Amino acid sequence: MKAPDFNYCCPKTAEEACGLLATADSDVRILAGGQSLVPAMNLRMASADLLIDINRIEAFKGITLSEDGKWVRVGALVRHAEVAVSPLIAEYVPLVHKAMRYVAHPAVRNRGTSCGSLALADPSAEMPACAMALNAVLVLQSKKDGVRCVPARNFFFGLYDTARRDDEILIEVRWPCSSQGSYTGFDELSRRHGDFALVGIAVECQLKGSRIGHLNVVSFGTGPVPRLSERAAEIAAGQPPTQQLAHQLAAQIAAEIDPDDVADVDIKQRQANAIARRVLVQVFQECAHAN
Amino acid sequence: MSDELKLPVRVQLRPQTLVGRSVPRETARRLASGRGRYLDDVHGGEVYHIAFYRSPYARAKFTLGDLSAAASSPGVYRIVTGTDLTAICAPWVTRLEMLPDHVSPPEYALAVDEVYWQGEPVVAVVAKTRAQAEDALDAIDIDWNDLEPVANAEQALSLDSPLVHPALKSNLALEREIIRGDVDAAFKGAACVVEHHFSFGRQTGVPLEGRGVIARYDRRTEELTVYQSHQAPFQMQEIYAKQLSMPLSKVRVLCPDVGGAFGIKLHAYADEMAAVAIARLLAVPVKYQADRLESFVSDAHARDAVVSARLALDSQGCIVGLQYEGLFSFGAVSLYPRGSVGEALQLLETCGLAYKVPALHGQVRGAFVNKVPTGAYRAVGQPLGAAVMEQLLDNAADKLDMDRFEIRRKNYVVDADLVNDSDAKLRGLSLRQCLDTIKTDMNYPQLRQRQEELRAKRTYRGIGLCTFIEQTGVGAWLYGRNGVAAASKESVRLHLSTSGEVVCHTSASESGQGVHTGLAQIIADTLGCPMDAIYVRTGDTLSDPVGGGSWASRGLALGGEAARLAALDLRHNVLSVVAAWKSVSIDELEIDHGVVSIIDGEVACSLQQVARLVHYDSTVLPLPQPPSLSVERSYTPFSKPYFMANGIQAAEVEVDIETGQVKVLDFWVVEDCGTVVNPLLVDEQIRGGVVQGIGAALFEHCVYDEAGQITNASLADYLVPMAAEMPDIQVSHISTPEQETGLGAKGVGEAGTVGAIGAIWSAVNDALRPLGVSAHKQPFTPDVILSAVLQKA
Amino acid sequence: MQTKNVADITVTINGQEGSFSVPVRRNLVDFLRHDVGLTGSHVGCESGICGACNVRVDGVVVRGCLMFAVQADGCVVDTIEGITDSGEAAALQQAFLERNALQCGYCTPGMLMTGLELVQSGRTVTRDEIREELSGNFCRCTGYHAIVDAIEHVMERCTK
């Protein structure tokens, strides 16, 4: 399975890359980590007239803390492997730190990028789920509009369909720094380690005193986009973080699965319920210990 | 005095046998350094690459349009069609003389007018690079008229089913039964009857290196040379000579390092045949290797059967009757040359074979369907037979409230019962010893106790057991007698060279099993030379002694005995020379570490000196006709069709009844393969086989839709077992040497797979038992488990 | 900016710099195998799953089938041949040999690349964690147990 032919260019700056995107009159693809695009090309399920390799754009590298200390900024070329060992992520974005264990395999993590994963928006991927849970900010750049920011909760439209226009590059993701009293949990069910998720849960629980101030629960792998449960947030608000609540919320999460999205809804609901409950129980236990 | 004339120093070490020692493989050093020479590494100079246009439909008619666009695609040398090839390569038909009713449709190298499975090669593009060949595929103009496919065996055998192939009179490919005693009476009178039904998913072998050939026809010498990643070079030599109407001696097949085979590379495939025929037709060197995508729709498929079975016992738990019937889905043709029947026949033959079964009725049917042809894949049918019987025994133990070890132990065959000649192959098994050993190895009472404790906390662990008996060292009865031109034997030719090297040419090939290291150990011990003086060569029909290759767990069992016999011959010949030279009798001489000496006396000479004498200066000897220093021996079992090995396997699993995940916590094997030539290599063969069995039971499945098209033809979706899900596997041995050979080794290559599938079935159903549900469909995916738990229809 | 479908690249492979002209669509492992003649890295799936093509680029192990050769311009590439000749992999290879952690050998170069990266990481890992690290390398022959043993053995000796 050899990739079909394409034209290739390797811009050195974001502006150059955006310029190429803007002027291209044909099928253009951005090559970042390549861990999703290149297999698709090798399988001849994807092709491009022009491949824009952004791997040499220095400005896209690096994980930094914003000046106001509220965001961790992850550039377009930051590899999963870097995120996994980043002290900034570990300290300020514990949800993402926990999720990294489930992302692919070492060789793939050495090339694949967070932004690439977010731009692709595979429904079973970990990064989009975390972005939804934390309402991360996706930073897009184009020649036409310069830089614009889209909150994650306005970014994922449908299956592989995001707010990113064809002439835009996702140049950065900004993860909000966790605050005092924030507890996170992440788990996914997959057939084998590193496989795509059959069902996954990302949780961020913000305590207010001894009760839940706000709870973000995102389920993924059960529909075309990661799903933030508003109903679960409503139920949880102001409640003490008990095991019983965890059970109730898990049932709610499971009930939100649309039968049209899955092959067997009974099975998927049972699995989602189990995973959600286990994560929530663990998170709530941590919350309870804190008090 | 020059070095070569100086008397060698006697090595003053106590003789140590190499057979039985865990000697590492020297080949492994080369392979671990990236110096393997697999098919695509063979530097053939300029070669053309072939890509195939394959049928997207399970059943269709087609018309080729204008191929000039494809032909003029950059880098393309030629487009070749089925019609082009029939001029020099006729279609072939699998025929088995012992099964005259098994009638296969013919198979073409490239399809002509019609196709019968998704993936069947239709057009070949020959180009400078593989990438360019693939580019041209898009330009091939072909009109399809897709027809209704026969998607499964039930449909195939229904009254109004279309025929899988117009050459067939019926889709029924095979129907066989074994009857012994009165099974109806046995069941009627039985105190206890249990049953189970089984669905074994279609799967394939997934060797990491794809199948492939590099073929070159030299117009000057009219010789065809084929490098092939294969298990049976002589078989392929015969087939190419026959198909291309060439003298056998003008066809040479070479097998380089093979990156995994497992039976998948045992067959003759249309795409490889097409590539070789193209080389002959165009007289240009060509290379073809199946990529991963192609492999899923062309490599032999396997298993794919539904079995229902019942066991009848008396109130003491003694078996009174066994009844089983299996329905197998083969493919669109019977794979050449050995046929697609092995999986079904071996289920038929081996189910219950380890047990005393006074009344038995076994029946198998196989149907042609419009899918990839099925063929031999590791253990061929035996895992199914073992899984069926062991599951029934578990069900019986539960119903009778009997211990699962006890019910097996009391029903195992004993030699005293094996009175008929046909039972001879079952004598000398160590079933009870293996059972007792595994019970200790796994600390069964402790596992049981932990299981009970965890059940109380709604955590469901299962302990599985699977006794197995296994056909190894399979010899003449399956091949020559069936009219299949595959050797019944393995052969060794030993040659003592003037450098003192002992060169061993053997037909016993390998793909990492370590057969060659084993042969070297045997030769070293028998002849009396150091192991590093031995060079084992294989994989070349020009220089190997005729033999089989690598399959049916026989490389070392048969090849090893041939090596032992040849080494004895060579030893005798060497000593004859030295005896004549030194005027002593042969009985006074010994060979150790390459040095010939008088026993308890002086050193006579080195093996190298013997060789130089015989080859360069033989008239020194008082022997007008010195014995040859090149000897050849073969071996095949004579009094029975194969060597029967036996063992038992056990698994501990945990079933998560909320997610449906099955985790294998631990695994044990007790294996009796007779003499263990090299424990290090044997144990790893067992482990590899076990993991293929676990993979089958939990992960692997070729998933087809109703249109006969595969839906998961990639490693992303066809789940092979990876490291994180596999357990450590504890292996121990009982050793009951094979009586028919001096070596005493039985085969072991497939053993791990024979028992592992059943061990997982047994374990999963043991885990689910307290819930009153059971699993019937392999692979045990979360969906299968949860469907059982949720009691879905 | 000029776009192209053939590129001139300069790559340091196993310590030796070389210049090559490659079609841009040629992937790194095909380039190494056929343009450079280093056949030790293997092709098993061309979709980034099996790990047979694992090579090291600028110090990290990557899938050779998921990078285009043109992307390696100016990079330092190490293959199984390089880590063998330099002796970097010697302890691990010896452990594989002694433990028979390879059979057909086809997955082995990729497996050694992954194993070496783990060994050199300096991490302290459990057997389960070793298995997780290997979860991107498919082996059909060994069943993994021996491979885990070999890596564990080397890591234990490293930490001593």
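Each reported figure results from applying straightforward, stated rules to the coordinates on display, with no laboratory input. What you are looking at is a predicted structure, and each value in this text was computed from that prediction instead of being measured. No Cβ is skipped: glycine too gets one built from the backbone with ideal geometry, and neighbour counts run over all protein chains shown.
Listed values, structure above:
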{"read-out": "Gyration tensor verdict on the range C:3-45 (Cα atoms; rounded if a/c is under 1.5, prolate if a/b is larger than b/c, oblate otherwise)", "value": "oblate"}
{"read-out": "Spacing of the two label points (7 Å from each Cα toward its C-beta) at A:A233 and B:T17, in nm", "value": "7.5"}
{"read-out": "Shape of chain B, Cα gyration tensor, a/c cut at 1.5", "value": "oblate"}
{"read-out": "Compactness relative to 2.2 N^0.38 Å, alpha carbon Rg of the range A:1-138", "value": "1.09"}
{"read-out": "Ascending count of other beta-carbon atoms within 10 Å, so fewest first, for B:C318, A:C177, C:C45", "value": "B:C318, A:C177, C:C45"}
{"read-out": "Residue exposure sequence - B:R303, B:R280 - by fewest surrounding Cβ within 10 Å", "value": "B:R280, B:R303"}
{"read-out": "Projected label distance in nm at B:L771 and B:L454, using a 7 Å step from Cα toward the beta-carbon", "value": "1.4"}
{"read-out": "Near-label residues of the range B:592-612 by backbone N, under 15 Å of a point 7 Å along Cα→Cβ of B:V620", "value": "B:596, B:604-612"}
{"read-out": "Cα-only Debye scattering, the range A:182-290: base-10 log of I(q)/I(0) at q = 0.10, 0.24 Å⁻¹", "value": "-0.25, -1.28"}
{"read-out": "Sites B:D184 and B:N420, calculated FRET efficiency, Cβ-Cβ separation with R0 22 Å, nearest 0.05", "value": "0.45"}
{"read-out": "Order of C:I49, B:I140, B:I522 - criterion: other Cβ atoms within 10 Å of each residue's Cβ, fewest first", "value": "B:I140, C:I49, B:I522"}
{"read-out": "Net lengthening on full extension, B:S585/B:L159 (0.36 nm per residue, minus Cα-Cα)", "value": "145.6 nm"}
{"read-out": "³J(HN,Hα) computed for each position of the range B:151-160 - Karplus, 6.51 cos²θ - 1.76 cosθ + 1.60, integer Hz, glycine/proline x", "value": "8, 7, 5, 4, 5, 4, 9, 7, 4, 9"}
{"read-out": "Assigned charges on the beta-carbon of Lys, Arg, Asp, Glu; the range A:58-176 dipole about Cα centre (debye)", "value": "120"}
{"read-out": "Length-normalised contact order for the range B:111-209 - Cα pairs under 8 Å, 6+ apart - percent", "value": "12"}
{"read-out": "FRET E, pair A:S179, A:A59, Förster distance 35 Å, beta-carbon r, rounded to 0.05", "value": "0.75"}
{"read-out": "Inter-part distance where the range C:101-117 and the range B:569-636 are each reduced to a Cα centre, Å", "value": "44"}
{"read-out": "Net charge over other residues, Cβ less than 9 angstrom from the Cβ of B:K250 (K, R count +1; D, E count -1)", "value": "-1"}
{"read-out": "For B:L174, residues with placed amide H under 5 Å, excluding near neighbours", "value": "B:G366"}
{"read-out": "Per-residue average of Cβ from other chains inside 10 Å of A:99-111", "value": "6"}
{"read-out": "Candidate aspartates and glutamates - alpha carbon under 14 Å from B:K489, same-chain residues fewer than 8 apart omitted", "value": "B:D544, B:E561, B:E632"}
{"read-out": "B:A283-A:R192 FRET efficiency (beta carbon distance; Förster radius 51 Å; 0.05 resolution)", "value": "0.60"}
{"read-out": "Of A:V217, A:H193, A:S47, farthest towards positive along the dipole that unit charges on Lys, Arg, Asp, Glu beta carbons give chain A", "value": "A:H193"}
{"read-out": "Exceeding the 21 Å Cα-Cα cut-off - candidates A:K70/A:K144; B:K356/B:K777; A:K2/A:K61; B:K265/B:K287", "value": "A:K70/A:K144; B:K356/B:K777; A:K2/A:K61"}
{"read-out": "Contour excess over end-to-end distance, with Cα ends at B:S576 and B:D138 and 0.36 nm allotted per residue", "value": "150.8 nm"}
{"read-out": "Between the range B:269-333 and the range B:653-682, the Cα center-to-center distance that results, in Å", "value": "24"}
{"read-out": "Radius 13 Å from Cβ of B:S497, net charge of other residues (Lys, Arg +1; Asp, Glu -1)", "value": "+2"}
{"read-out": "Full-extension gain in nm, B:S245 to B:T221, via 0.36 nm per residue minus C-alpha separation", "value": "7.1 nm"}
{"read-out": "Euclidean distance of C-alpha centroids, the range B:14-64 and the range B:81-111, integer Å", "value": "26"}
{"read-out": "Three-way shape call for the range A:7-53 based on the alpha-carbon gyration tensor, with the a/c threshold at 1.5", "value": "oblate"}
{"read-out": "Partners for C:K4 among aspartates and glutamates (Cα-Cα distance below 13 Å; same-chain residues under 8 apart left out)", "value": "A:D5, A:D49, A:D53"}
